[in-house]
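Participant: Following this message is one structure expressed as structure tokens.
Only the coordinates and a few stated rules stand behind these numbers; no lab work does. Predicted, not measured: the structure shown is a model, and the values here were computed from it. Backbone-built Cβ (ideal geometry, glycine too); neighbour counts: all protein chains shown.
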Amino acid sequence: MTTFDDRPVRLGMALSLGLGLTAALFAGSGTSGGVGVALLGGALLLGGLGLARRSLLTAGGVLLFMAHLFRIWLGGGLTLSLVGATFAVAAWDVGEHAIDLGEYVGRSARSRHAVLAHAAASLAVGLVPVGLGYGVYLLAPGGRPVSALVLLLLAAVLVTLGLRR
Amino acid sequence: MIRETHRWRGISALALVAVGVGVLLRRPGILLGGIVGVAYAAFATQTSAPSLSLEVTRELDPSDPEPGEPVSVTLSIVNEGPLLMDLRVVDGVPEGLEVESGSPRLATALRRGKRAAISYTVTARRGEHTFDPVFVAARNPASSVEREEHLAVDSRLTCVPPLPSMDSFPLRDQSVRRVGRLATGSGGAGVEFYAVREYQRGDALTRIDWGRRAKTGELATIEFHEERAASVVLVLDGRRAAYVGDPEGEPVMERQVEAAGTVANALLADGDQVGIASLGPRWAWLGPGLGRDHRARLRRHLALAEAFAPVPPDERFLPGLALRRLRKHLPGDSQVVFLTPLTDDAGVRFARQLEAQGNRVTVLSPDLTTTETAGRTLAHLERWIRMRQLRERGIRVVDWDPGGPLAVAVERAARGWTR
């Protein structure tokens, strides 16, 4: 068959970059500790997408994720970091999906629906637990029973894991 | 076929590291971050592949185009099963057809009962083209498992070019017992003056030379060139050696088919019987005939027979066998027009052997040689020598530069021809 342009599909690339940049921005807000890591992560993400190299993309996603954990450790706001961590993983997921679609159908093919469906699912997976956790945190009586809440969430996720298998 | 993509490899490790660090440092916040990772890890452990239940149909418009005409292809996919979040479809465009516009590929999400369509155009080329199976791949929401299938959607694109037109093609002196337009070497009824002979009882009164009778009192009968029809078989050189490329990159077989169609058209219009054959590892034969239905059959044969395909043959060529087979089919009173680029000496040998066995041969040769480099000039000269060798044996040769019209090349060649 004829050759086709097998670079990552445009919409997927744009979404991945958007999520990654937002995650990097969040990581830098409040505290300056994780900024370097976040910027490096963002750069690797960008490079991975541009060159269609999955290894770079994964490294970028991991670094962005770590930057947020680091930010939490430094005392940064929890909500922003949890959302940032989710965005970091989602940026990798959507980006890898974009590279994959490029290899299967190429840039000149229509791929909007597939990209959007996948991005929506990917964000939901991360944001739903974060939202639930935040909800529990708000509804919990008294001060900050974070430990108990955390253990509760962990239990819930592990149960879900067990159910799936 | 089902396979795991393993794209989420490492996510569990990342999540556990985060959880572990959170526990060790007694920072619940980090623990929460780890839970985000755990959530994705759980997402990734989905191992059930989506089920594929698709109805796929293809439409071609038009399905019988002329060469060079754009054909719009529409592939419709209806999802008769549950929601597919990530469906990739690639249509099996036939080899040899170029996609002009649009894309034969698609990635989409399709709910139950919904339809997606792929639209693109290809440029038609001579021949019959069948579509390859459609490639379909579906993934689960995490994109961790993929189901891949090839679906057969039979479609055929048939492109039978019309026979190009030319006024006439001069033939050699060999005919069959049928009245036609060939001025033969024997005298009789006809139009063109041939000779005068002594009157014999029974001669038609209309053929008496009344002028001579008036002058000398003798009775004499005028004889005209007896006009008879010819039977011609167009033999196309189908050997691998004949599949060289012309300056536009197309195999010379395309030029041969075009020339054969042009000559056949002219001869049929003049009332001659025309057949076609191939000389090569792939056999083709259509015996000489005439009439509208025969013309249609001949046109289809030229367009679709495998022996005249644009791709060179794989099979081995056995010259003796091929020549014997052709000889067996060739009627004894048929002329031969042999179409060959004359890229090797075997072409000369075949022409001479056919001529020797009694079928008068005219060689029609597309010239693919150039004089750009020393090597190419040599090939050009070798071909010229071959043409001379043919002419020395009384075989007519039409030297055709495919860049120009065939009629001009024929006319130029015919100037030097005697009967």
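Participant: Calculate how large, on average over all directions, the projected area of the Cα convex hull of the protein assembly as shown is; give the answer in nm² to one decimal.
Facilitator: Values: hull surface 154.8 nm².
Taking a quarter of the hull surface, the average projection is 38.7 nm².
Participant: What average count of beta carbons from other chains do you get within 10 Å of the Cβ of residues in A:99-110? Before the final figure, lay out the partial values.
Facilitator: On the way: counts 0, 8, 5, 1, 1, 11, 12, 5, 2, 7, 12, 10.
Averaged over the peptide's residues, the number is 6.
Participant: Using amide H atoms built in the peptide plane, which far-off residues or other-chain residues are under 5 Å from B:Val398 H to H?
Facilitator: Here the answer is B:Val363, B:Leu364, B:Ser365, since their amide H atoms fall under 5 Å of that of B:Val398.
Participant: Something else now. Take the alpha-carbon positions of segment A:55-143, form their convex hull, and give its projected area averaged over all directions (one quarter of the hull surface) in nm².
Facilitator: On the way: hull surface 27.6 nm².
Spelled out: convex hull of the Cα atoms, projected over all directions, averaged, 6.9 nm².
Participant: Which residue, B:Ile395, B:Leu368, B:Ile385, has the largest displacement toward the positive end of the dipole of segment B:360-411 when charges sit on each Cβ (Lys, Arg +1; Asp, Glu -1)?
Facilitator: In segment B:360-411, that residue is B:Ile395.
Participant: Here's a follow-up. Ordered by residue, what ³J(HN,Hα) values in Hz, to whole numbers, does segment B:283-296 give under the Karplus form 6.51 cos²θ - 1.76 cosθ + 1.60, where θ = phi - 60° and Gly and Pro are x?
Facilitator: So the Karplus estimates, Gly and Pro as x, are 8, 9, 8, 9, x, x, x, 8, x, 5, 5, 5, 4, 5 Hz.
Participant: Turning to a different aspect of this structure: Could you tell me which of rounded, prolate or oblate describes segment B:266-419, using a ≥ b ≥ c as the square roots of the eigenvalues of the alpha-carbon gyration tensor, with rounded for a/c under 1.5 and, failing that, prolate when a/b is larger than b/c and oblate otherwise? If you can, show how the numbers build up before the last one.
Facilitator: Details: a/c = 1.45, a/b = 1.28, b/c = 1.13.
It comes out rounded by the Cα gyration axes.
Participant: Listing B:Ile395, B:Ile2 from the residue with the fewest other Cβ atoms within 10 Å to the one with the most, what is the order?
Facilitator: Numbers: B:Ile395 21, B:Ile2 12.
Ascending Cβ contact count within 10 Å gives the list B:Ile2, B:Ile395.
Participant: Read phi for every residue in segment B:329-346 and hand back ³J(HN,Hα) as whole Hz from Karplus 6.51 cos²θ - 1.76 cosθ + 1.60, θ = phi - 60°, with x for Gly and Pro.
Facilitator: Rounded to whole hertz, the list is 8, 5, x, x, 9, 8, 7, 10, 10, 9, 9, 7, x, 6, 8, 8, 6, 4.
Participant: Follow-up. Roughly speaking, what % of Cα-Cα pairs in segment B:341-381 are separated by over 13 Å, rounded to a whole number? Please report the intermediate quantities before stating the final value.
Facilitator: Numbers: 482 of 820 pairs.
Result for the distance tail: 59 percent.
Participant: Give me the compactness ratio for chain B, meaning the Cα radius of gyration over 2.2 N^0.38 Å. Could the numbers behind the result be given before it?
Facilitator: Values: Rg = 34.3 Å, N = 419, 2.2 N^0.38 = 21.8 Å.
Its radius of gyration relative to the 2.2 N^0.38 Å reference: 1.57.
Participant: At a Förster distance of 35 Å, what's the computed FRET efficiency of B:Arg3 paired with B:Glu80, Cβ-Cβ distance as r, to 0.05?
Facilitator: So, using R0 = 35 Å, E works out to roughly 0.90.
Participant: Another one. Per 5 Å bin, what percent of the C-alpha pairs of segment B:1-119 does each bin hold, from zero upward?
Facilitator: Values per bin, smallest distances first: 2, 9, 14, 13, 11, 10, 10, 8, 7, 6, 5, 3, 2, 1, 1, 0.
Participant: Another question about this same structure. Just need the relative contact order of segment B:267-419 here, percent rounded to a whole number, with Cα pairs under 8 Å and 6+ apart.
Facilitator: Numbers: 178 pairs, mean separation 23.8, N = 153.
Relative contact order comes out at 16 percent.
Participant: Ok, one more. Give the dimensionless ratio obtained when the Cα radius of gyration of segment A:1-117 is divided by 2.2 N^0.38 Å. Spell out each step's value before the answer.
Facilitator: Working: Rg = 15.0 Å, N = 117, 2.2 N^0.38 = 13.4 Å.
Output field value: 1.11.
Participant: Which whole-Hz ³J(HN,Hα) couplings does segment B:115-124 yield from phi under the Karplus relation 6.51 cos²θ - 1.76 cosθ + 1.60, θ = phi - 60°, glycine and proline marked x?
Facilitator: Those phi angles translate into 10, 10, 9, 10, 10, 7, 10, 10, 9, 6 Hz.
Participant: What is the dipole size for segment B:196-277, taken about its Cα centre, with +1 at each Lys and Arg Cβ and -1 at each Asp and Glu Cβ, in debye to the nearest 20? Show your work: numbers first, answer last.
Facilitator: Working: 10 positive and 15 negative charges, 114 e Å.
Rounded to the nearest 20 debye, it is 540 debye.
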